[in-house]
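Comments concern the structure below.
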Amino acid sequence: MADAKGPVDPPRPGREPGTQVARKNGPVLGVAIDYLDGQITELLTQDPEVRTGSPEAVHEMRSATRRLRSALEIYRSLFDARATKRLGDELKWLTRILGRPRDADVMRERLRAHLRELPEELKTGLVAGPIEHVLGREYNSGYIQVRESLETERYRRLLADLQNFRDHPPATDRARRPALAEGVRFVNNEARRLEGAHRAAARTLPGHARDVALHEVRKGTKRLLHAAESVAGIYPKRAKGLARRAHRLQRILGSHQDSVMTRAFLDSLAAGQDLPEESRRAYERIRETEEAIARSAAKKYAKSRKKDPPLRLRR
């Protein structure tokens, strides 16, 4: 079994000799494998740090698993569908496990900042106590689950499967097509998907439906960011510029989604029957602040999309 230093017999960060690498005049398979390799290396790098309790390492490992899932989705036509789906499902499991302590930590820091801004009469243990108790418990139990999951055969098998997929990809005929032509198509496929999500969000009325729609747009901006990152080796300037724009939109919509989740958490606290009145007033004040943050983020996103040129990668 694994110990606190890391998994027994982990996949090598490096690839086997002869593995495809990204070249402008090479096949598009090299682009996908290069990106997958970078994220596998990042996952393995963060593994021992996660085991020692680093919240930042949990975040970085989660980001690597998300990028791996994105790459498998973006480049799914290059690989055997069953192998890709199975690997994607296992990465989704790991992402969900890592998300529990990370989300609790982010929300706790966000609410601590709001608590510092409250009037002095509301800065009491009765107000802060429930927040610290619930989110602290969620973080601790989530981190225990992470540690336990990294000790399992399921996790070790995922690492081995990632290595095997990287070194011996189950490639389709399309994988042999030229990188320069196909790379643009894969990125712009994600741009079109994002545009569809954007139009759907624009048609929804403010409220829960709009929040859900903007969350879908946020996920689309992440996918476009990851697609642009993956082709930076063959379109350095244009891909990096598109990645910067997608990342900026993702951060704007991330603020909106964080506000949605924080308001839902505050509502759950406020629903407590024995909640003191001062705590109820404090949570309502923080909720109003979060509503303003969400409105501002939605407006900023709409303004950016209206002002900026289309999100596309030019040949």
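The values are calculated or read from the model by the stated rules, or taken from the named source; none is laboratory data. Keep in mind the model is a prediction, meaning the values are calculated, not measured. When we count neighbours, we look across all protein chains shown, and the Cβ atoms used for this are built from the backbone with ideal geometry, even at glycine. Heavy atoms of the whole protein, side chains included, go into the accessibility calculation; ligands, DNA and RNA do not. Shrake-Rupley method; radii C 1.70, N 1.55, O 1.52, S 1.80 Å.
Once each part is reduced to its C-alpha centroid, what is the distance from the range 45-102 to the range 128-180 in angstrom? With the range 45-102 and the range 128-180 each reduced to a Cα centre, they are spaced 4 Å.
Which of the pairs Lys240/Lys299; Lys92/Lys219; Lys237/Lys303; Lys237/Lys307 have their Cα atoms more than 18 Å apart in this structure? Where the Cα-Cα span goes over 18 Å, the pairs concerned are Lys240/Lys299; Lys237/Lys303; Lys237/Lys307. Length gained on full extension, Asp173 to Glu49, computed as 0.36 nm times the residue gap minus the Cα-Cα distance: 40.7 nm. Within the accessible area of the range 115-186, the carbon and sulfur atoms contribute 52%, probe 1.4 Å, all protein chains present. Each Lys and Arg Cβ is given +1 and each Asp and Glu Cβ -1; about its Cα centre, the chain then shows a dipole of about 2180 debye.
Across the range 95-154, the relative contact order, built from alpha-carbon pairs under 8 Å that are at least six residues apart, equals 57 percent. What is the distance in Å between the Cα centres of the range 267-315 and the range 194-250? Centre-to-centre distance over Cα atoms comes out at 19 Å. The residues packed around Ala175, meaning those with a beta-carbon under 12 Å from its beta-carbon, carry a net charge of +1 if Lys and Arg are +1 and Asp and Glu are -1. Under a 5 Å amide H cut-off, with hydrogens placed 1.01 Å from N, Phe79 pairs with Thr172 among residues at least 5 apart or on other chains. Using Cα springs under 10 Å in a Gaussian network model of the chain, which residue among Asp103, Asp274, Asp37 shows the largest mean-square fluctuation? Of the options given, Asp274 has the highest mean-square fluctuation.
Checking every one of the trypsin sites (Lys or Arg not before Pro) in the range 160-256 against DSSP loop status and a limit of 10 other Cβ atoms within 10 Å picks out Arg203. Per-residue Karplus couplings for the range 232-241, computed as 6.51 cos²θ - 1.76 cosθ + 1.60 with θ equal to phi - 60°, are listed in order as 4, x, 10, 10, x, 6, 5, 5, 5, x Hz, Gly and Pro entered as x.
The slack between Asp161 and Ala302, meaning 0.36 nm per residue of separation minus the straight C-alpha distance, is 46.6 nm. Multiplying the residue separation of Val212 and Asp89 by 0.36 nm and removing their Cα-Cα distance gives an extension gain of 42.0 nm. From most to least packed by mean Cβ count within 10 Å, the peptides 252-265, 145-158 give 252-265, 145-158.
Helical content of the chain, expressed as a calculated mean residue ellipticity at 222 nm, amounts to -26500 deg cm²/dmol (DSSP H runs of 4 or more residues, -39,500 (n - 2.57) each, divided by residue number, nearest 500).
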